[in-house]
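The values are calculated or read from the model by the stated rules, or taken from the named source; none is laboratory data. Fair warning: this is a prediction, and the values are worked out from it, not measured in the lab. Glycine gets a Cβ as well: all are built from the backbone with ideal geometry, and neighbour counts include every protein chain shown.
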Amino acid sequence: MDRHEGFREFVLARQQALTRSAYLLTGDAHLAEDLLQSVLLNVADHWPRLVRRGIPEAYTRKAMINQYISWRRRKHMESPSADLPEHGHAHDDAAVDRIVLRQALAKLTPRQRAVIVLRFYEDLSERESAEILGCSVGTVKSQTHHALGRLRILAPELSKLFADAEEVSR
């Protein structure tokens, strides 16, 4: 029996969602690919144990968050530019909102950004987010509250979005 049986299928099935999470964490497509590749190498090494325990996706997400925070601590990653791109043509409102949100997310602490990604992009519960982050539910709640407050200050034009998120987190 191949010790990596099922790993390829797991990657193919979950790659898009994991790449999206990595991008939301890093704010950069190339760094997101690097982050995910680094984590998947680790996952492959532990694959048989992860499958036996039934936790390959949870482990992968936790490893991705931990690797992202570790990279940020070591200043391995640059934060995405806070400047809007200089283009002569108009953008639709949704595109501008995405740019503003991405720039605001880049200014959060790594743990705050991780909480926002897990809670609102991955739609995980506070308990599930706490398990992935290795902290208490109370910490997830306080990090979410502080992150949403900071986002409100950084991007007041998106206040409706943050009010809706705050309502969801209650």
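Before moving on, here are some points about what is shown:
- Count of segment 1-54 residues, restricted to those that are part of a loop (DSSP other than H, G, I, E, B) and more than 25 Å from residue 112 (Cβ to Cβ), is 7.
- Candidate set: segment 121-162, residues that are loosely packed, with under 15 Cβ neighbours inside 10 Å and aliphatic (A, V, I, L, M); chosen: the one nearest to the chain's Cα centre (by Cα): 137
- Residues satisfying the criterion are absent from segment 8-16 (criterion: aromatic (Phe, Trp, Tyr) and surrounded by fewer than 19 Cβ atoms within 10 Å (Cβ to Cβ)).
- Here residue 135 meets each of (1) outside any helix (DSSP H, G or I); (2) at pLDDT below 75 with one exception, condition (2).
- Condition met for residue 85 (modelled with pLDDT under 80, part of a loop (DSSP other than H, G, I, E, B) and surrounded by 15 or more Cβ atoms within 10 Å (Cβ to Cβ)): no
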